[in-house]
Amino acid sequence: MTENILEIQSLRRQFGETTALDGVSLTVPKGGVFGLIGGNGAGKTTLIKHTLGLLKAQSGSVRVFGLDPVADPVGTLGRIGYLSENRELSDWMRIHQIISYTSAFYPNWDPVYAERLRSDFDLDPMANIHSLSRGQRARTGLLLALAHRPDFLILDEPSSGLDPVVRRDILGAIIRTIADEGRTVLFSSHLLDEVERVADHIAILHQGRIQLSSPMEKVLLDHKRVQYRLPAEVDRFPANGIWLLAEGFGRDWSVVTAASTEAIHEVTKAMGALIQSIEPLSLEDIFVARITAKSSAGETGS
Amino acid sequence: MHIHISTQDGIPLYQQIVRQFKNLIASGLLEPGGELPSIRILAEQLLVNPNTVARAYRELEAAGFVEKRRTAGTFVTDGPSPLARREKMRLLMDRIDALLAECHQMRIPIKDLEELVCQRAKTYPSKSTGEHGS
């Protein structure tokens, strides 16, 4: 029996005319790292804000640890560590001040752990927040999110805007801390290399909808690129229900599918086509295929 | 010992780790009784989820390549296991399959490939322990 840390049911959110979340249902199981991927404006941050109780569901429901985060912020927020995309920190404080200030909000704050993280992250306690580099800011934010040993750690684009060196550094810090037993991490990113390294489970959010939610390994094993040679030239790859994306022209087509090998062979036989190769796809290719497939579904062109 | 991870080719990361350790063991670069890095250390070094490394180690253990010892370390299994030989053959088979596919693509007859393999083998020292160029 696995317990779910986060359960979202048919969540909708409008901002004026804009639909930010369009009936999102998502379950984050306990333990492990859940990667939420999507482009800019896909709705990732809006979804996270609902999880934190910063936004109230217009319709649908959000449950964190089985509780409504809007009705019961004490029962939920005290067990959540959160690093926001913009890493808002009080600019007028020094590092040691922001640490003691933040500690006051959390009964479970662990000062020894906080101090260890501070020295691991190489942060000067007397440094002014406003003078910190982006990387140091990110590390400070991560420290504040971790030092009360939250059951649920939420990281919104933890490494966006950081150079590759600092990104590795932050990723390393995340990897070190997710190993802690029983912790669940929800981690949003548009950097797919990073997500593939860190996440056990991923969900793709696009235009306010969940396109796919599955264990990472299954996502990688399910999706394939099939290179085809067709019996005759076509302008458009024949529709047969199993393709997500087809690119090519004439007789040579490259097709992305999540169908089983048997289903692929069956369809291929029916088309009288020849398979040149079947190759695995990187997460990035899968993401692009999923998103392109959805956004071009209503259009006439391919 | 160097393990390299790529997120470009769509192969699950734990499988990449398993394959590379198998190669290291099969080629003798990791000797029987040798210790593998701890899960935590390797996860940090590769920048991957520790669960991924743990999964790879479990797989290697199940296949008889490594064993856990009481000290909580993971070590290369002592002595040549029949599994290791089977695995070596499998590794070679994978490479051969890829080679055959390439031959097919380039429309080069298999016979020419056979000849080429024999030819190359002659330029190779007959006892090839440890000596190779990568």
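The values are calculated or read from the model by the stated rules, or taken from the named source; none is laboratory data. None of these values were measured; they are calculated from a predicted model. Positions of Cβ are generated from backbone atoms using ideal geometry, with glycine treated the same way; all protein chains shown enter the neighbour counts.
Output yes when any residue across the range A:20-38 is under 19 Å from the mean Cα position of the chain (by Cα) and without any contact (Cβ under 8 Å) to a residue 60 or more places away in the chain, and no when none is.
Looking only at the range A:20-38, we keep the residues that are under 19 Å from the mean Cα position of the chain (by Cα), and these are A:20-38.
Checking the rest, the ones that are also without any contact (Cβ under 8 Å) to a residue 60 or more places away in the chain come to none.
Within the range A:20-38, not a single residue is under 19 Å from the mean Cα position of the chain (by Cα) and without any contact (Cβ under 8 Å) to a residue 60 or more places away in the chain.
Against the conditions (1) within 14 Å of chain A (Cβ to nearest Cβ); (2) crowded, with 16+ Cβ neighbours inside 10 Å, B:Phe75 satisfies every one except (1).
Looking at B:Val48, is it in a helix (DSSP H, G or I) and of a type in the set (Val, Ile, Thr)? So B:Val48 fails the test. Under the condition of being modelled with pLDDT of 90 or more and within 11 Å of another protein chain (Cβ to nearest Cβ), the residues counted in the range A:201-220 number 6.
Only one of the numbered conditions (1) within 14 Å of another protein chain (Cβ to nearest Cβ); (2) at pLDDT 90 or above is not met by A:Ser277, and that is (2).
For beta carbons closer than 8 Å, sequence separation of 6+ or different chains, a first residue in the range B:91-108 that is without any contact (Cβ under 8 Å) to a residue 40 or more places away in the chain and outside the structural domain of B:Ala63 (by TED's automatic domain parsing) and a second that is surrounded by 11 or more Cβ atoms within 10 Å (Cβ to Cβ) and among the hydroxyl-bearing types (Ser, Thr, Tyr), the qualifying pairs are B:Ala101/A:Ser277.
Quick grid of which residues meet (1) in a strand (DSSP E or B); (2) within 14 Å of chain B (Cβ to nearest Cβ); (3) buried (at least 22 other Cβ atoms within 10 Å of the Cβ); (4) hydroxyl-bearing (Ser, Thr, Tyr):
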{"residue": "A:Pro158", "(1), (2), (3), (4)": "no, yes, yes, no"}
{"residue": "A:Val165", "(1), (2), (3), (4)": "no, yes, no, no"}
{"residue": "A:Thr177", "(1), (2), (3), (4)": "no, yes, no, yes"}
{"residue": "A:Asp193", "(1), (2), (3), (4)": "no, yes, no, no"}
{"residue": "A:Pro238", "(1), (2), (3), (4)": "no, no, no, no"}
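One residue alone among A:Ala42, A:Ala104 is surrounded by fewer than 19 Cβ atoms within 10 Å (Cβ to Cβ) and of a type in the set (Gly, Ala, Ser), and that residue is A:Ala104. Against the definition (outside any strand (DSSP E or B) and either within 17 Å of A:Arg149 (Cα to Cα) or within 12 Å of chain B (Cβ to nearest Cβ) (or both)), how does A:Leu186 come out, yes or no? When the stated conditions are applied, A:Leu186 does not pass them.
Only one of the numbered conditions (1) exposed (fewer than 13 other Cβ atoms within 10 Å of the Cβ); (2) closer than 30 Å to A:Arg183 by Cβ; (3) small (Gly, Ala, Ser) is violated by B:Ala43, and that is (1). Of the numbered criteria (1) free of Cβ contacts under 8 Å to residues at least 24 places away in the same chain; (2) over 28 Å from the mean Cα position of the chain (by Cα), the one A:Pro107 fails is (1). Does A:His206 satisfy the condition of being under 16 Å from the mean Cα position of the chain (by Cα) and more than 17 Å from A:Ala289 (Cα to Cα)? No, not satisfied. Right, A:Asp169: in contact with a strand residue (DSSP E or B) (Cβ under 8 Å, 6 or more places away or on another chain), among the charged types (D, E, K, R), in the same structural domain as A:Ile99 (by TED's automatic domain parsing) and under 28 Å from A:Glu88 (Cβ atoms) or not? No.
If you check B:Thr129 against the conditions, is it polar (S, T, N, Q), modelled with pLDDT of 85 or more and either farther than 30 Å from A:Arg229 by Cα or surrounded by 10 or more Cβ atoms within 10 Å (Cβ to Cβ) (or both)? It is false that B:Thr129 is polar (S, T, N, Q), modelled with pLDDT of 85 or more and either farther than 30 Å from A:Arg229 by Cα or surrounded by 10 or more Cβ atoms within 10 Å (Cβ to Cβ) (or both). Filtering A:Val267, A:Val226, A:Val185, A:Val255 for residues that are surrounded by 15 or more Cβ atoms within 10 Å (Cβ to Cβ) and within 24 Å of the chain's Cα centre (by Cα) leaves a single hit, A:Val185. Among the residues examined, B:Ile41 does not qualify as among the hydrophobic types (A, V, I, L, M, F, W, C), within 14 Å of another protein chain (Cβ to nearest Cβ) and either in a loop (DSSP other than H, G, I, E, B) or within 27 Å of B:Met93 (Cβ to Cβ) (or both).
State which residue is nearest to A:Gln211 (Cα to Cα) when the search covers only the range A:226-242 and only residues that are of a type in the set (A, V, I, L, M, F, W, C) and touching a residue at least 24 places away in the same chain (Cβ under 8 Å). Break it down stepwise before answering.
The first filter runs over the range A:226-242 and keeps only residues of a type in the set (A, V, I, L, M, F, W, C), leaving A:226, A:230, A:232, A:234, A:237, A:239, A:242.
Still in the list and also touching a residue at least 24 places away in the same chain (Cβ under 8 Å): A:226, A:230, A:237, A:242.
On the way: A:Val226: 21, A:Leu230: 30, A:Phe237: 23, A:Ile242: 15 Å.
Within the range A:226-242, the match that is nearest to A:Gln211 (Cα to Cα) is A:Ile242.
Of the strands (runs of 3 or more DSSP E) that lie entirely inside the range A:19-104, those containing 2 or more residues that are under 16 Å from A:Gln9 (Cβ atoms) and modelled with pLDDT of 90 or more span A:59-64.
Residue-by-condition table, conditions (1) within 11 Å of chain A (Cβ to nearest Cβ); (2) assigned to a helix (DSSP H, G or I); (3) within 27 Å of A:Gly32 (Cβ to Cβ):
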position: B:Thr52; (1), (2), (3): yes, yes, yes
position: B:Arg58; (1), (2), (3): no, yes, yes
position: B:Arg86; (1), (2), (3): no, yes, no
position: B:Leu100; (1), (2), (3): no, yes, no
